[in-house]
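The values are calculated or read from the model by the stated rules, or taken from the named source; none is laboratory data. Since this is a predicted model, take the numbers as computed values, not measurements. Using ideal geometry, Cβ is built from the backbone for each residue, glycine included, and neighbour counts are taken over all protein chains shown. The protein model used for the area step is the full one, side chains on, heavy atoms only, and it has no ligands, DNA or RNA in it. Shrake-Rupley method; radii C 1.70, N 1.55, O 1.52, S 1.80 Å.
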Amino acid sequence: MEVLCLGGTGAVGSLVVRGLLDRGASVRCMTRSEVGGREAGGVRYIRGDLEDPSSLGPAFEGVDRLHLLTPLHPDETGLGRAAVDAAVAAGVGRIVFHSIHNVEAAPHVPHFASKIAIFDEILSSGIPWVTIEPNHYFQNDLMLREPIMEMQLYPAPIGEVGLTRVDVRDIADATVNALLDDGHEGNRYPIVGPETLTGEDVAGTWGDALDGTIVYVGDDLDMWEDSVRDMLPGWMIDDLRAMSQHFLDHGLVASEEDYATMSHVLGHAPRLFRDFVDETIAAWR
Ligand SMILES: NC(=O)c1ccc[n+]([C@@H]2O[C@H](COP(=O)([O-])OP(=O)(O)OC[C@H]3O[C@@H](n4cnc5c(N)ncnc54)[C@H](OP(=O)(O)O)[C@@H]3O)[C@@H](O)[C@H]2O)c1
């Protein structure tokens with residue numbers, strides 16, 4: 001079974017690659033980086049860039065299953081379409097597409113709209129598919145070491161309604177099963193954590209784990225925008241701000257049906273946020 005992992009050098013994809021290797025799959029990873037053309041740790045890295053469709057042939061040739069993860073990008077839809085076209089040309093037998101939980105609830109958010117458009121493209125392609133639809137990652141907090149540890153603030157916009165945040169290791173576990181096992185094609189799988197967390201809950205968990213108080217300040221989107229202005233391009237700030245406003249207004253909350261659906265692909269109970277926080281503090285210290 002030859003599996004091509006797009007996004008295989010990133011946060012989720014690198015764990016998918018490891019999980020596929022553990023299950024004995026033959027794994028190749030497309031990357032724009034220097035490692036393209038090398039073999040390392042049992043993985044073939046092949047140079048390719050979704051912005052340049054003419055570069056995709058070598059990565060896609062002979063592939064049975066495709067992990068399709070698209071990056072945040074001003075033309076994410078175009079990148080996803082290029083991947084689907086290349087999959088059709090190569091005769092790929094299954095696409096597992098990394099989307100977003102309840103994505104249709106916020107089509108005005110640019111990267112949500114891209115996921116919807118790419119999924120339409122997959123449906124039109126006729127290739128058997130599975131979607132993995134994760135909630136907000138626990139691991140987004142790995143970027144918050146300085147505000148949490150040095151300023152005792154939790155600054156990310158989570159809101160009062162809450163997000164059913166999830167560990168990326170659970171997303172990877174579900175993705176590996178969807179890629180390799182039978183019985184998943186045509187299913188849309190929400191991937192969510194065991195509890196819905198508000199901004200106050202998240203800050204409170206960090207505070208408890210640190211034996212102190214972490215103050216939640218995430219609902220102020222102007223402050224958030226000021227804090228990222230020098231780090232992110234304008235289009236990305238606009239996109240993430242629209243998503244954050246959606247979270248503040250509506251949350252991103254799993255239903256009982258979501259848990260029942262997820263249980264068919266995850267294969268174990270979802271990991272707890274508090275465990276992720278404890279591990280992260282130990283690593284930071
Ligand atoms: N963060 C969340 O809470 C969350 C929740 C639900 C869904 N999502 C979705 O998850 C995705 C991001 O996943 P992630 O955090 O694992 O990604 P990530 O760590 O940011 O990694 C991005 C990956 O995309 C690849 N890439 C970037 N530009 C590319 C291009 N032009 N052509 C080919 N590959 C390219 C990179 O490969 P190289 O650099 O090696 O080329 C890298 O492997 C997004 O679609 C996002 O909407 C995120």
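Structure values in brief
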quantity: Criterion: surrounded by fewer than 17 Cβ atoms within 10 Å (Cβ to Cβ), more than 12 Å from the ligand (Cβ to nearest atom), among the aliphatic types (A, V, I, L, M) and under 26 Å from Leu163 (Cβ atoms) - qualifying residue of Ala89, Ala105; calculated: Ala105
quantity: Members of segment 1-18 that are open to solvent by 20 Å² or more (accessible area, probe 1.4 Å) and either within 15 Å of the ligand (Cβ to nearest atom) or out of contact with any Asp or Glu (no Cβ under 6 Å at 6 or more places or on another chain) (or both); calculated: Gly7, Thr9, Gly10, Ala11, Ser14, Leu15, Arg18
quantity: Residue among Ile100, Ile95 that is near the ligand (Cβ under 8 Å from one of its atoms), within 30 Å of Asp258 (Cα to Cα) and touching a residue at least 24 places away in the same chain (Cβ under 8 Å); calculated: Ile100
quantity: Whichever residue in segment 117-151 is more than 25 Å from Val176 (Cβ to Cβ) and within 20 Å of the chain's Cα centre (by Cα) and, among such residues, is nearest to the ligand (Cβ to nearest atom); calculated: Met143
quantity: Criterion: open to solvent by less than 20 Å² (accessible area, probe 1.4 Å) and at negative phi - qualifying residue of Pro147, Pro155, Pro128, Pro134; calculated: Pro134
quantity: Residues located in segment 60-79, provided they are over 17 Å from Ile122 (Cβ atoms) and more than 12 Å from the ligand (Cβ to nearest atom); calculated: Glu61, Gly62
quantity: Test: residue in segment 192-215 that is outside any loop (DSSP other than H, G, I, E, B), modelled with pLDDT under 95 and open to solvent by less than 40 Å² (accessible area, probe 1.4 Å); calculated: no
quantity: Residue count for segment 155-180, restricted to those that are among the polar types (S, T, N, Q) and under 18 Å from Leu240 (Cβ atoms); calculated: 0
quantity: Index of the failed condition, Glu34 passing every other in (1) away from the ligand (no atom under 14 Å from the Cβ); (2) surrounded by fewer than 19 Cβ atoms within 10 Å (Cβ to Cβ); calculated: (1)
